[in-house]
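A short write-up of the structure that comes next.
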Amino acid sequence: MFIGHFAVAFAAKRAAPEVSLGTLILAAQLADLAWPAFVLLGWESFRVAPGFTAVTPLEFTSYPYSHSLLALAVWAIGFGALYFAARRRAWAAVVLGVVVLSHWLLDAASHAPDMPITLQGSERVGLGLWNSLPATLAVEGALFAAGLALYARKTRALDRTGRWALAAFVAFLLVTYVAAVFGPPPPSTTAVALSGLGIWLLVAWGYWIDRHRSIAR
């Protein structure tokens, strides 16, 4: 999934309103933030295979350190522990851990059976939502709309930046999503990995949005 992960970040603001949207995006996309770096380092791999699924031409051949259930469980515990050590907010730390782990659950629903369970084992799971373009658009679209609605109801804009930064963020995500789904296959695996590093800019964008919005009472 893509915008489905952002939906979780938006929705989690209701459960942990004291946590910045940037931190929630970081948690929801932690796996996809680590993955491009691991690919460029040669630790994980994939190939561009047009037609592999109806939604994406990417065939993920090995990504146990960023996307296995075991790795994400460790990432979730570590992320929550670091947040608790910094902020001393136990419930928020738990929410962030759940958000990190949600990445595996959403990807397991959408991917072909390529989601690893452990670091070295051969077990792979995937319900294959990406085999149906209409079903993928319906599910991800519904998740995104619901998550965005929860965030919009939980927060209010303090100024024009708070309104337009959020609107521009949503528009950017939707345009990027449509381009990825309906556009041509990427030219190379390196191009995909380098563009994936751009998600860090979306994390920063989330912090910017939240600085101009407050919790609605």
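Annotations
- Annotation note: of Leu127, Leu119, the sole residue that is under 15 Å from Val55 (Cα atoms) and in a loop (DSSP other than H, G, I, E, B) is Leu127.
- Scanning the range 142-176 for residues that are in contact with a Leu (Cβ under 9 Å, 6 or more places away or on another chain) and either small (Gly, Ala, Ser) or more than 21 Å from Tyr207 (Cβ to Cβ) (or both) turns up Leu143, Ala152, Ala157.
- If you check Arg217, Arg163 for being in a helix (DSSP H, G or I) and among the basic types (Lys, Arg), only one passes: Arg163.
- Options Ala49, Ala31; residue that is free of Cβ contacts under 8 Å to residues at least 24 places away in the same chain, in contact with an Asp or Glu (Cβ under 9 Å, 6 or more places away or on another chain) and under 23 Å from Val181 (Cβ atoms): Ala49
- Just one of the numbered conditions (1) charged (D, E, K, R); (2) under 16 Å from the mean Cα position of the chain (by Cα); (3) surrounded by fewer than 22 Cβ atoms within 10 Å (Cβ to Cβ) is not true of Glu44: (2).
- Selection status of Trp75, surrounded by fewer than 17 Cβ atoms within 10 Å (Cβ to Cβ), of a type in the set (Phe, Trp, Tyr) and touching a residue at least 24 places away in the same chain (Cβ under 8 Å): no
- All positions within the range 137-162 that are farther than 22 Å from Ser110 by Cβ and exposed (fewer than 14 other Cβ atoms within 10 Å of the Cβ): Arg153, Arg156, Leu158, Asp159, Arg160
- From the options Ser62, Ser20, residue that is polar (S, T, N, Q) and touching a strand residue (DSSP E or B) at 6+ places or on another chain (Cβ under 8 Å): Ser62
Any read-out appearing in this document is the output of simple, stated calculations on the displayed coordinates, not a laboratory observation. In this text the structure is predicted, and so the values were computed from the model without any measurement. Counting neighbours? That spans all protein chains shown, and the Cβs are built from the backbone with ideal geometry, glycine included.
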